[in-house]
């Protein structure tokens, strides 16, 4: 340890690992992981979120899971909570997850095409 | 470094470890593997969460779900329901964490709501065996700031300004102590940490060392820089194996990362730490005895002055602080003295950690702002007295403290208020007593302890405490006289005035405070040969009430066949045969047996 910068580097890297224990603000990405979600492929979607967030070194984002959201036909469903605002993404895939991280989480633009509101038969 | 979506924190403090939390960790690892969750969920062992009564404790983040009394068998359900499917297992949650079927966040639970955690801020939050987690929560940042931006005098000024007082019991201003040690003449100086926590029932220091060992390493290094020392000793009792292990690991990790050793942060400052194990003698918590013990000599006190700040370890200037005092230092440096001063009362700033025990629902560790009332601690945080019994007194300060009766329950807790009430802050033991506790017996219990622990160097303590114990024995056995009570009081005052060290000077406190507030109990023992609380064996008997159904269970339970009676008739105890073991009362299904 030679400098404060060294310490700061370790701190930032380590904080990413632990901030879900203390961070109650930030953005929460909630993946529906009930039987229906898992059967529709929610697990790779969630792993994709985790990977992408780590790759980009984004802080203050928590990825977590929830039970059945109730709209099983749209699974895998992912809800993104940012303050009071909730966005529901449906029929998610690994690639869609990556795009949501880039456009929504990083740039703050909701990916309209993936949301439940834009769903058309 | 991997990212996980969920962290499962399992308490690995001494309390939970003794109720098999390590097996729970093992089982979680097994279950995660079976369910292919190892890459998503991380198991973290932490220090004490404080609510030991509810142990073993498991907390799942990010939800903050607070599981209590977890058994190995429950792990499978938590894994399959909560971790896999995301459904919190409500029936395993801590009772207070579920209100009207709404799961509450851990910070909202009554036990935690009124607490303010400074010294314990990382306990139950980080993995104490992982230096990076400590760094993540601003660890070693205060050290970096001190070494690269501040002069030693400035550090001392901040500590003085913060008005932090020693948390070991005496309450001496920490900044002044630092200044004395800094100004003392000497070619070499030492920093020492008193982790010889001796009060029965106290485990504050142990929990800090187990839950957040790096804070001590960091604070002692800061202290070394401030007073001009390059070497520190942590004196810790050998009966704290987990604390010793984690502290040693913390020292090794800090050395590996260059946070201890030579040229820390590329400055000219070198500092090294060493652990010294004590054999668990109460007197070694006294500073001069502790220093003797560190030097390898017999742990006995010597008269002061000279104070350790001038002549301490190897006769060199030594700064000696308690674990909890050190645990406050990094936060004071980072947040400034104004922040620290904003917490607490006029004369006592900051917070204090207490080990809550005795007749209380939430046994455990609490950290409260100074000025919180005893009532808030006992009823709001502690959850009140079990079984709807009546609160009688609270004992603070361990064998050196005293009993505070119910009429003073609304006193705000700080150093001066407790001394005024004839007790003291002490290191932070807080033992709650209800109507079943006999105050004479309590005084006897503590005297018994000090007689055992007196080092024997000075006669007032060695002989005086023994005589006091003999008188107390006599009174609790029903053979006391009114003259005994007077003698007891006189002895107590003389021992207080004449003893060499803190042990003897405070040993009479339990007697004096119970005499002050509960004199009528002493007199009842002497004049009426009666123990009002029904606790003194020699003065109470077991009786079977008219409500006896004649079931015969007590008769079978009695080991000396003292109970007789026909079936479905009220039974009787032969008081000449009865050995007062209490088995019958414990077994009676109708609560028809009483002791009075």
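Answer with yes or no whether residue A:31 is outside any helix (DSSP H, G or I), touching a residue at least 40 places away in the same chain (Cβ under 8 Å), under 22 Å from residue B:78 (Cα atoms) and within 15 Å of the chain's Cα centre (by Cα). So residue A:31 fits the description; yes. The residues on offer are B:330, B:301, and the sole one that is assigned to a loop (DSSP other than H, G, I, E, B) and touching a helix residue (DSSP H, G or I) at 6+ places or on another chain (Cβ under 8 Å) is B:301. Please work out if residue A:50 is more than 22 Å from residue A:94 (Cβ to Cβ), within 9 Å of chain B (Cβ to nearest Cβ) and crowded, with 19+ Cβ neighbours inside 10 Å. When the stated conditions are applied, residue A:50 does not pass them.
Among the conditions (1) in contact with a helix residue (DSSP H, G or I) (Cβ under 9 Å, 6 or more places away or on another chain); (2) part of a loop (DSSP other than H, G, I, E, B); (3) modelled with pLDDT under 95, the only one that residue B:229 does not satisfy is (3). Within the stretch B:258-269, can one find any residue that is part of a loop (DSSP other than H, G, I, E, B), away from chain A (no Cβ under 14 Å) and surrounded by 18 or more Cβ atoms within 10 Å (Cβ to Cβ)? Within the stretch B:258-269, not a single residue is part of a loop (DSSP other than H, G, I, E, B), away from chain A (no Cβ under 14 Å) and surrounded by 18 or more Cβ atoms within 10 Å (Cβ to Cβ). Does residue B:414 satisfy being over 19 Å from residue B:286 (Cα atoms), surrounded by fewer than 24 Cβ atoms within 10 Å (Cβ to Cβ), more than 21 Å from the chain's Cα centre (by Cα) and at pLDDT below 95? In short, no. A single member of B:538, B:533 is under 30 Å from residue B:423 (Cα atoms), under 37 Å from the mean Cα position of the chain (by Cα), at pLDDT below 95 and part of a loop (DSSP other than H, G, I, E, B), and it is B:533.
Output the helices (runs of 4 or more DSSP H) that fall wholly within the stretch B:114-173 and possess 1 or more residues being within 14 Å of another protein chain (Cβ to nearest Cβ), within 30 Å of residue B:199 (Cα to Cα) and in contact (Cβ under 8 Å) with a residue 24 or more places away in the chain, or say none.
Once the helices (runs of 4 or more DSSP H) in the stretch B:114-173 are filtered for at least 1 residues that are within 14 Å of another protein chain (Cβ to nearest Cβ), within 30 Å of residue B:199 (Cα to Cα) and in contact (Cβ under 8 Å) with a residue 24 or more places away in the chain, what remains is B:131-136.
Screening B:254, B:289 for residues that are under 20 Å from residue B:451 (Cα atoms), assigned to a helix (DSSP H, G or I), in contact with a helix residue (DSSP H, G or I) (Cβ under 8 Å, 6 or more places away or on another chain) and in the same structural domain as residue B:145 (by TED's automatic domain parsing) leaves exactly one candidate, B:289. In the stretch B:5-49, which residues are in contact (Cβ under 8 Å) with a residue 24 or more places away in the chain, surrounded by fewer than 22 Cβ atoms within 10 Å (Cβ to Cβ), assigned to a loop (DSSP other than H, G, I, E, B) and within 14 Å of chain A (Cβ to nearest Cβ)? B:35, B:37, B:39, listed by residue number. Restricting attention to the stretch A:53-80, and to residues there that are assigned to a helix (DSSP H, G or I) and either over 10 Å from the mean Cα position of the chain (by Cα) or at pLDDT 90 or above (or both), which single residue is farthest from the other protein chains (Cβ to nearest Cβ)? By that ranking, first place goes to A:73. Of all the listed residues (A:21, A:11, A:43, A:17), the sole one being without any contact (Cβ under 8 Å) to a residue 24 or more places away in the chain, within 9 Å of chain B (Cβ to nearest Cβ), part of a helix (DSSP H, G or I) and touching a strand residue (DSSP E or B) at 6+ places or on another chain (Cβ under 6 Å) is A:21.
For the stretch B:61-77, taking the residues that are farther than 22 Å from residue A:44 by Cα and within 14 Å of chain A (Cβ to nearest Cβ), the one that is surrounded by the most Cβ atoms within 10 Å (Cβ to Cβ) is identified as B:66.
The values are calculated or read from the model by the stated rules, or taken from the named source; none is laboratory data. This structure is a prediction, so every number in the text was calculated from the model and none was measured. Cβ sites come from the backbone with ideal geometry, for glycine too, and all protein chains shown count toward neighbours.
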